[in-house]
């Protein structure tokens, strides 16, 4: 294996593993705001218990996310030094903004969120929860801005020549609002909301199956289903908008998504297998001209095919085709599950005694937590592999972005070590997560919970309220 392939595998592994946790943090942040807001509004103790329980899960996710994200910062310098020198002025500004405006905001108020339940008034604590949620979303904003600039560069110029060439920002806001950034941001955030909401649904369904913490599980799953439905439908809408802009800004990527070779009115494949030698999709089912209609609103308008793209500028077509279609399939299943779950809730069957709900529906909901995670990873693979062979689209090839002094054996050794360490971290995460889920929410009355359960009463009696 050569150093380029090993470096790509290493970065994909570290980013992919890290990407398990930030979407959970963002999605759980929305859930926490809703639950604590319901407690502030209603004064019902159950919402207080829900907010405290899911805050513990959020804290665990946040901690592992921070630990797994540090490695990537070093890989930019160790494995991708040419890339870092070329885009450092652009990429670095977005990462600096993420640290200043997002991470500091999130981590600063996190202490109040975790340890301030009985030390600050309920409104101040709720404000802290909102700020932590906002900080998590801001992190996504700046990371997506940085990544989107690689997909659709804007607001820059190139200075220097040869090995000394580098990109400099000429218009900061043009860089921030590059042609793909807002579309990709909205799509990513909907995926994060799905990750958090289906996690809540999964744990709540488990409690319902076990007949434990029933009132907690019923209230939690209602919040989870509400957010899941909004996020799943939002994911469909934002995905459609994003795909339309991909057709304009990255035609080779869209063509690879659908295995589309000839520039003509294009079908939309439900599934299939791309035979790259014969340049056609085999064993597939397609809706004629549907891709043209979805992309341009005109079924007869041609879609740029791969035959109009230079062979050395095409991504790995079948891989991109499969990951993209798997992502779409999972997304549609999540929409169906969230709609069906809301229907069962409103019809009163979700919490009834129907055996088929206990036997079939709740187990599916327990495992639904895997759906958003798989879809997020597959979507990331589609987006990043789909822009190959470019690391900065149209400007810098991935093969030219490597560090010149890193050897294959060094990268392989570090990859093995990272894999072992990340595996241990994942085992620790699952162990601690299971411990918290098995323990369940705190329902016993501690001395500080005996009277001031209602936020109104807390405001009346708390010295800092």
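Within region 228-254, the set of residues being buried (at least 22 other Cβ atoms within 10 Å of the Cβ) and either in contact (Cβ under 8 Å) with a residue 60 or more places away in the chain or more than 30 Å from residue 307 (Cα to Cα) (or both) comprises 228, 231, 232, 235, 246, 250, 252, 253.
Taken together, the residues in region 395-424 that are out of contact with any strand residue (DSSP E or B) (no Cβ under 8 Å at 6 or more places or on another chain) and crowded, with 17+ Cβ neighbours inside 10 Å amount to 8.
Hey, among the residues in region 148-168 that are surrounded by fewer than 20 Cβ atoms within 10 Å (Cβ to Cβ) and not in a loop (DSSP other than H, G, I, E, B), which one's modelled with the lowest pLDDT? So, considering only residues that are surrounded by fewer than 20 Cβ atoms within 10 Å (Cβ to Cβ) and not in a loop (DSSP other than H, G, I, E, B), the one modelled with the lowest pLDDT is 163.
With crowded, with 17+ Cβ neighbours inside 10 Å and either over 28 Å from residue 405 (Cβ atoms) or in contact with a helix residue (DSSP H, G or I) (Cβ under 6 Å, 6 or more places away or on another chain) (or both) as the only criterion, which of 195, 174 stands out? Can you show your working first?
Values: 174 fails: crowded, with 17+ Cβ neighbours inside 10 Å.
Selected residue: 195, the only one of 195, 174 that is crowded, with 17+ Cβ neighbours inside 10 Å and either over 28 Å from residue 405 (Cβ atoms) or in contact with a helix residue (DSSP H, G or I) (Cβ under 6 Å, 6 or more places away or on another chain) (or both).
Screening 331, 305 for residues that are in contact with a helix residue (DSSP H, G or I) (Cβ under 8 Å, 6 or more places away or on another chain), in the same structural domain as residue 238 (by TED's automatic domain parsing), more than 16 Å from residue 386 (Cβ to Cβ) and buried (at least 17 other Cβ atoms within 10 Å of the Cβ) leaves exactly one candidate, 331. I'd like the residue in region 64-79 that is touching a helix residue (DSSP H, G or I) at 6+ places or on another chain (Cβ under 7 Å) and surrounded by 17 or more Cβ atoms within 10 Å (Cβ to Cβ) and, out of all such residues, is nearest to residue 157 (Cα to Cα). Among those residues, the one meeting the criterion is 76.
Of the residues in region 215-222, none is surrounded by fewer than 17 Cβ atoms within 10 Å (Cβ to Cβ), more than 30 Å from residue 347 (Cα to Cα) and touching a residue at least 12 places away in the same chain (Cβ under 8 Å). A single member of 197, 232, 202, 242 is within 18 Å of the chain's Cα centre (by Cα), closer than 30 Å to residue 26 by Cα, modelled with pLDDT under 90 and in the same structural domain as residue 317 (by TED's automatic domain parsing), and it is 242.
The values are calculated or read from the model by the stated rules, or taken from the named source; none is laboratory data. None of these values were measured; they are calculated from a predicted model. So basically every Cβ, Gly included, is an ideal-geometry build from the backbone, and we count neighbours across all protein chains shown.
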